[in-house]
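This report refers to the structure that appears directly beneath it.
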């Protein structure tokens, strides 16, 4: 694409800039129109309920006892899922990194299957596993006499939280495992060899050689998992609907219910804006870490 | 790191972990092949005897599954194609041009990948209603773009940066202008990657529930995830049909993931690991 003649005359304006701007323009319009504008609008909707005063919504939401409760739920849901996904992800990456014939098959099952399963399908599959009368979990526990009567997994506040966290760990660990596996494959042979020559055992090789090497990847992956977990909606919505009695309600399912069950868009926008601010904090940290490392490279 | 070859213990562990991980889906598949008396057998009937395809038949004949499947396909193909159409040029500009504002724009792209859908749901609902696109398939495609377009740029930029610069420089010396270098040299080289990226966006739309549930009230417009979500919870769940539909919805996604996993992993890990 020839740059227009006037561009060359302008001091400092380089012809390639014009080409670049033409290339990014449609995308920038989408960013502005479909991302910046809706977010700004959502904030605007949240600021004033119909016929109310500025910030009324925030005053009401923040002083609602449910807000504190949902905050606790969101914390448990996020901390539990992220911890388990980290442990499962790292453990499985270490396992898959060992050479074994037929690795491709194991990888397809362990890494790809949960990741590829649509959210809704994962949710109904787990809902069925936890079923009180016909679920596999109760059946196995009863068969081995570990329990005397069927457990209502999704009917008890604590068990319901554990159950959705467990299901989410299944759905999400493969992404973490993939990141860790890719990082492990980048570990230079020399350093693990050197550790072995120095007489380091398996644990100390992991603790003092691999772990420091993996650390930057771990930080980035954990932050990313936190963000995805806070945002994640379908699993809880389908498995428990936020119940029993709001025990698994997170910010996202609460905002959804406010908007699309109670049709209170203004309150819904308030909760989602608060969620957005939390996500923005984590996302900014991630982006900062990320660009820092890119520029260092 | 070179892998030490594993022994029997490694194999045992791999088989065990694979079995545990595969179980929820395997169980769903088995349940979809059972008759209702078997589904509701107590104690549990572990294997479908006799095996039945009745739920698959029911979901197609009674619940018009084909319509939902087609709607899902239209929305997903639309999302995939539009995302790539929007993303490919900026991705190239990011990898091969220097221009003021590039850094800021790139940071925005990374940030935007992480924004929660819930923030968009109310404004999109109002917006789509205002422009008459609520309850239409194109309306949902538009709502998906903010989530697929940034990641498309991101993935595609990584594929472009894998092309050796010398190739493009040689083309310029041969008299190609910048746009020709892009269209004749760079673009053909990233086509396989581009297909993978389009399918990644396709799969986002294929499985998406929250927007589809809220923006598509009419049955004849709904996608497969919406149909599946409607089987849950009204009085009692129709597990047989639900799982027949679930298996059918998962197979295409699974095939695409298995075939394209190396592209997806490369695109994603480049983000987390580069540097």
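Of all positions in the range B:242-252, at least one carries a residue that is without any contact (Cβ under 8 Å) to a residue 24 or more places away in the chain, more than 15 Å from the chain's Cα centre (by Cα) and either within 7 Å of another protein chain (Cβ to nearest Cβ) or buried (at least 20 other Cβ atoms within 10 Å of the Cβ) (or both).
Each row is one residue, and each column tells you yes or no for (1) more than 26 Å from residue B:237 (Cα to Cα); (2) within 8 Å of another protein chain (Cβ to nearest Cβ); (3) surrounded by 19 or more Cβ atoms within 10 Å (Cβ to Cβ).
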residue	(1), (2), (3)
A:230	yes, yes, yes
A:240	no, no, yes
A:247	no, no, yes
A:253	no, no, yes
A:263	no, no, no
A:268	yes, yes, yes
A:278	yes, no, no
A:281	yes, no, no
A:290	yes, yes, yes
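Within the range B:20-33, is even one residue more than 7 Å from chain A (Cβ to nearest Cβ), at pLDDT 90 or above and not in a helix (DSSP H, G or I)? Checking the range B:20-33: at least one residue is more than 7 Å from chain A (Cβ to nearest Cβ), at pLDDT 90 or above and not in a helix (DSSP H, G or I).
Residue-by-condition table, conditions (1) part of a helix (DSSP H, G or I); (2) at pLDDT below 90; (3) more than 29 Å from the chain's Cα centre (by Cα):
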{"residue": "A:210", "(1), (2), (3)": "yes, yes, no"}
{"residue": "A:214", "(1), (2), (3)": "yes, no, no"}
{"residue": "A:228", "(1), (2), (3)": "yes, no, no"}
{"residue": "A:244", "(1), (2), (3)": "no, no, no"}
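When B:98, B:49, B:103 are checked against the criterion of being exposed (fewer than 15 other Cβ atoms within 10 Å of the Cβ), more than 29 Å from the chain's Cα centre (by Cα) and within 13 Å of chain A (Cβ to nearest Cβ), B:98 stands alone in meeting it. Can you confirm whether the range A:173-185 contains a residue that is surrounded by fewer than 22 Cβ atoms within 10 Å (Cβ to Cβ) and more than 10 Å from every other protein chain (Cβ to nearest Cβ)? No, the range A:173-185 contains no residue that is surrounded by fewer than 22 Cβ atoms within 10 Å (Cβ to Cβ) and more than 10 Å from every other protein chain (Cβ to nearest Cβ). Restricting attention to the range A:187-206, does a residue exist that is part of a loop (DSSP other than H, G, I, E, B), surrounded by fewer than 19 Cβ atoms within 10 Å (Cβ to Cβ), at the interface with another protein chain (Cβ under 8 Å from one of its Cβ atoms) and touching a helix residue (DSSP H, G or I) at 6+ places or on another chain (Cβ under 7 Å)? Yes, the range A:187-206 contains a residue that is part of a loop (DSSP other than H, G, I, E, B), surrounded by fewer than 19 Cβ atoms within 10 Å (Cβ to Cβ), at the interface with another protein chain (Cβ under 8 Å from one of its Cβ atoms) and touching a helix residue (DSSP H, G or I) at 6+ places or on another chain (Cβ under 7 Å). Among the helices (runs of 4 or more DSSP H) confined to the range B:157-275, the ones with at least 3 residues that are closer than 22 Å to residue B:145 by Cβ are located at B:187-207, B:210-215, B:224-231, B:239-273.
Of these, B:151, B:126, B:118, which one is under 22 Å from residue B:210 (Cβ atoms), more than 7 Å from chain A (Cβ to nearest Cβ) and in contact (Cβ under 8 Å) with a residue 40 or more places away in the chain?
Values: B:126 fails: in contact (Cβ under 8 Å) with a residue 40 or more places away in the chain; B:118 fails: more than 7 Å from chain A (Cβ to nearest Cβ).
B:151 is the lone residue from the list that is under 22 Å from residue B:210 (Cβ atoms), more than 7 Å from chain A (Cβ to nearest Cβ) and in contact (Cβ under 8 Å) with a residue 40 or more places away in the chain.
The set of residues in the range A:93-112 being in contact (Cβ under 8 Å) with a residue 60 or more places away in the chain and within 7 Å of chain B (Cβ to nearest Cβ) consists of A:97, A:110, A:112.
Residue under question is residue A:74, and the condition is that it be surrounded by fewer than 22 Cβ atoms within 10 Å (Cβ to Cβ), more than 14 Å from every other protein chain (Cβ to nearest Cβ) and part of a helix (DSSP H, G or I); does it hold? Step through it out loud before you land on a result.
Working: surrounded by fewer than 22 Cβ atoms within 10 Å (Cβ to Cβ): yes; more than 14 Å from every other protein chain (Cβ to nearest Cβ): no; part of a helix (DSSP H, G or I): yes.
Considered against the rule, which asks whether it is surrounded by fewer than 22 Cβ atoms within 10 Å (Cβ to Cβ), more than 14 Å from every other protein chain (Cβ to nearest Cβ) and part of a helix (DSSP H, G or I), residue A:74 comes out as no.
Any chance the range B:135-154 includes a residue that's part of a loop (DSSP other than H, G, I, E, B) and out of contact with any strand residue (DSSP E or B) (no Cβ under 7 Å at 6 or more places or on another chain)? Yes, the conditions are met somewhere in the range B:135-154. Quick one: is residue A:203 without any contact (Cβ under 8 Å) to a residue 40 or more places away in the chain and either more than 22 Å from residue B:248 (Cα to Cα) or in contact with a strand residue (DSSP E or B) (Cβ under 6 Å, 6 or more places away or on another chain) (or both)? Yes: the conditions hold for residue A:203.
The set of residues in the range A:144-158 that are under 15 Å from residue A:133 (Cα atoms) and without any contact (Cβ under 8 Å) to a residue 24 or more places away in the chain comprises A:147, A:148, A:149, A:150, A:151, A:152, A:153.
With respect to the conditions (1) in contact (Cβ under 8 Å) with a residue 40 or more places away in the chain; (2) within 19 Å of residue A:89 (Cα to Cα), residue A:217 falls short on a single one, namely (1).
Name the single residue, out of those in the range A:136-149 being modelled with pLDDT of 90 or more and in contact with a helix residue (DSSP H, G or I) (Cβ under 7 Å, 6 or more places away or on another chain), that is nearest to residue B:40 (Cα to Cα). The residue in question is A:136.
The values are calculated or read from the model by the stated rules, or taken from the named source; none is laboratory data. Model, not experiment: these values are computed from the prediction. Note that each Cβ is placed from the backbone with ideal geometry, even for glycine, and that neighbours are counted across all protein chains shown.
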